[in-house]
Amino acid sequence: MSTASLTDLLAQADADGHDHSVTEKATGLLHIHNHATGSIIWFPTWKKFRETRDWTDAVSSVAAELADASAPADQAGSALLAADLETLLEEASRSSDASAFVQENLTSHLTRTWAIGDAVANANGKDLFNGGTTPSVYAGYPYDVYAQDGGVFATTLWNDLIDARRNRALAEEAARKALKPVSRKAMKNAARKAARR
């Protein structure tokens, strides 16, 4: 296990410059280009995350949450995943700057999600996921957290976080239109049409 922290790896990736493929190979991180802002979001693969000091702390923290839960580890882990995702999407929908929100929150959500799976595996005395069938704790989770070393998860979640604000605005607009007062003239016209039927 490496003694590097995730913060150190992310800072190294940010400082490495424009040759992103070299940076990915050197750090074990992946990246997404945020074309809206011209920035790059670096994040670890789930394998690389396990090699950092942060992984041990994250899994220990989740293990304490699981120990405090009255449900079995799988159920408690699934509940944590659902609650974390709901909170994240709600906060994203209220964010004034979706791109900045993603930049600040994507990596921490990815790593916590992987830590929940690892903590559940530990609590159940099972081996950590290392390929093959996705652990049952993720059965109801809407993302494939391990596909392409976490790249699919990161990209899909990134899109959902960006869309959350727009989706909220559309829902609020629909609600406003539904509550829009109807004029007396429109009500009379509707009554006449109904009477003709």
Quiz prompt | 10 Å binning of all Cα-Cα separations within segment 21-117, expressed as whole percents from 0 upward | solution = 14, 38, 34, 13, 1
Quiz item: In the chain, with Lys and Arg counted as +1 and Asp and Glu as -1 at Cβ, which of these residues, 190, 143, 154, has the Cα nearest the positive end of the dipole, that is, farthest along it?
Solution: 190
Exercise. Pull up the cross-link candidates among the lysines for residue 188, meaning alpha carbon to alpha carbon under 29 Å and not fewer than 8 places away within one chain.
Key: 177, 180
Quiz item: Put +1 on the Cβ of each Lys and Arg and -1 on the Cβ of each Asp and Glu in segment 8-55; which of 46, 13, 30 then has its Cα farthest toward the positive end of the dipole?
Solution: 46
Practice problem: Quote the FRET efficiency, to the nearest 0.05, computed for residue 124 versus residue 53 with a Förster distance R0 of 25 Å and r equal to the Cβ-Cβ distance. | Solution: 0.55
Quiz prompt | Karplus (6.51, -1.76, 1.60) ³J(HN,Hα), θ = phi - 60°, over segment 143-150, in Hz, Gly and Pro reported as x | solution = 10, 8, 5, 10, 4, 6, 6, x
Quiz item: Can you list the equivalent-ellipsoid semi-axes of the chain, largest first and in whole Å, using the square root of 5 times each Cα gyration tensor eigenvalue?
Solution: 42, 24, 13
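Where a ≥ b ≥ c are the square roots of the eigenvalues of the C-alpha gyration tensor, would you call segment 143-197 rounded, which needs a/c under 1.5, or, failing that, prolate if a/b is larger than b/c, or oblate? Mind showing how you got there, number by number?
Working: a/c = 9.49, a/b = 3.74, b/c = 2.53.
Judged from the Cα gyration tensor, segment 143-197 comes out prolate (a/c at least 1.5, a/b above b/c).
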Quiz item: So what's the Cα pair-distance distribution over segment 116-174, bin width 10 Å, in %?
Solution: 20, 38, 24, 14, 4
Quiz prompt | Helix 53-68 vs. the chain, principal-axis angle (Cα, 0 to 90°, nearest 10) | solution = 60 degrees
Self-check item: Distance between modelled label sites at residue 168 and residue 188, nm, 7 Å Cα→Cβ extension
Solution: 4.3 nm
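On a full-extension model of 0.36 nm per residue, what is the gain between residue 104 and residue 133, subtracting their alpha-carbon distance, rounded to one decimal in nm? All intermediate terms of the calculation are to be shown ahead of the outcome.
On the way: separation 29, 0.36 × 29 = 10.44 nm, distance 3.06 nm.
Value of the extension gain: 7.4 nm.
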Quiz item: Applying 1/(1 + (r/R0)^6) with R0 = 35 Å to the Cβ-Cβ distance of residue 144 and residue 179, what FRET efficiency is obtained, to the nearest 0.05?
Solution: 0.35
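Read the figures in this text as sums done on the coordinates, not as results from a lab. For clarity, every value in this text was computed on a predicted model and none was experimentally measured. Using ideal geometry, Cβ is built from the backbone for each residue, glycine included, and neighbour counts are taken over all protein chains shown.
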